[in-house]
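Written out below as structure tokens is the structure these notes cover.
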Amino acid sequence: MSKIIILTAPSGSGKTTIANHLLQNFDNLKFSVSATTREKRDYEINGVHYHFMNIKQFKDNIEAGNFLEYQEVYPNQFYGTLLSEVKAAWDDHKVILFDIDVKGSLNIERDMYDVLSIYIKAPSIEVLRQRLLDRGTETNESLEKRIQKATEELEYSKYFDYVITNDQLERACRIIKFIVQDFMK
Ligand code: 5GP
């Protein structure tokens, strides 16, 4: 069965660093570049971080059945996993790595794919807020939306195979690397 690794975590939890650490350590792992309708951040590159599209293009892709899963993660901000991304990775004999939200993760058919799901937790909501402030990518409003979402998502972490607290980044990376190594066998 084709393998999928899902990393789910609130923004500011260190997830991107952990995903990059895994990608550097496993040659046969491929990051799934999602489609999104949210605004591109300055440092982001279309096709590398996300496939940026407008809502009409996103909805056309839904109609055409081009998504393996998608969610309206924030009001009017859609995110989705394109089937084309996943198939290209599998054709290349790679394991695909998803960075998706809780609901997207729960929607993935466990009997169709071999799935490993990992939830990364920040040590506390206060720490998360401070990390987002330090990152400086959010307005007050989007920061509050992200904090609220993180609080809601925590409730669902029990449905994941593993829940890892990122209080020390290096330690979290090491633990997740072991888990992935075992799943890759
Ligand atoms: P950000 O805007 O910070 O890049 O991402 C916001 C949230 O959208 C994150 O929780 C991220 O995991 C989620 N997300 C990114 N891509 C996808 C996707 O393809 N599907 C779903 N369901 N969520 C996604």
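The values are calculated or read from the model by the stated rules, or taken from the named source; none is laboratory data. Computed from a predicted model, the values in this text were never measured in an experiment. Don't worry about glycine lacking a Cβ; one is built from the backbone with ideal geometry, like all the others, and counts go over all protein chains shown.
Picking from residues in segment 32-44 that are modelled with pLDDT of 95 or more and among the hydroxyl-bearing types (Ser, Thr, Tyr), the one that is nearest to the ligand (Cβ to nearest atom) is 34. Does residue 171 satisfy the criteria of being charged (D, E, K, R), buried (at least 16 other Cβ atoms within 10 Å of the Cβ) and farther than 30 Å from residue 1 by Cβ? Criteria not met by residue 171.
Against the test of being near the ligand (Cβ under 10 Å from one of its atoms) and at pLDDT below 95, the options 143, 106 yield a single qualifying residue, 106.
What number of residues within segment 105-128 are in contact (Cβ under 8 Å) with a residue 60 or more places away in the chain and within 30 Å of residue 140 (Cα to Cα)? Residues that pass the stated criteria total 7. Taking segment 86-98 as the range and being crowded, with 22+ Cβ neighbours inside 10 Å and within 11 Å of the ligand (Cβ to nearest atom) as the test, only 98 passes. Tell me which of these residue 116 doesn't satisfy, since it passes every other one: (1) crowded, with 16+ Cβ neighbours inside 10 Å; (2) within 13 Å of the ligand (Cβ to nearest atom). Only one criterion is unmet by residue 116, namely (2).
For segment 45-62, the count of residues that are of a type in the set (Gly, Ala, Ser), farther than 26 Å from residue 128 by Cβ, over 17 Å from the mean Cα position of the chain (by Cα) and more than 13 Å from the ligand (Cβ to nearest atom) is zero.
For residue 58, the criteria (1) modelled with pLDDT under 95; (2) on the phi < 0 side of the Ramachandran plot; (3) surrounded by 19 or more Cβ atoms within 10 Å (Cβ to Cβ) hold in every case but one, which is (1). Scanning segment 18-59 for residues that are β-branched (Val, Ile, Thr) and within 17 Å of residue 178 (Cβ to Cβ) gives a single hit, 18. Among residues of segment 1-12 being more than 9 Å from the ligand (Cβ to nearest atom) and surrounded by 11 or more Cβ atoms within 10 Å (Cβ to Cβ), the one that is modelled with the lowest pLDDT is 2. Given the criteria of a type outside the set (S, T, N, Q) and surrounded by 17 or more Cβ atoms within 10 Å (Cβ to Cβ), does residue 50 qualify? Yes, satisfied. Whether a residue is within 19 Å of residue 120 (Cβ to Cβ) and not in a strand (DSSP E or B) was assessed, and residue 59 does not pass this test. Among all positions in segment 68-75, there is no residue which is away from the ligand (no atom under 11 Å from the Cβ), in contact (Cβ under 8 Å) with a residue 60 or more places away in the chain, surrounded by fewer than 17 Cβ atoms within 10 Å (Cβ to Cβ) and among the hydroxyl-bearing types (Ser, Thr, Tyr).
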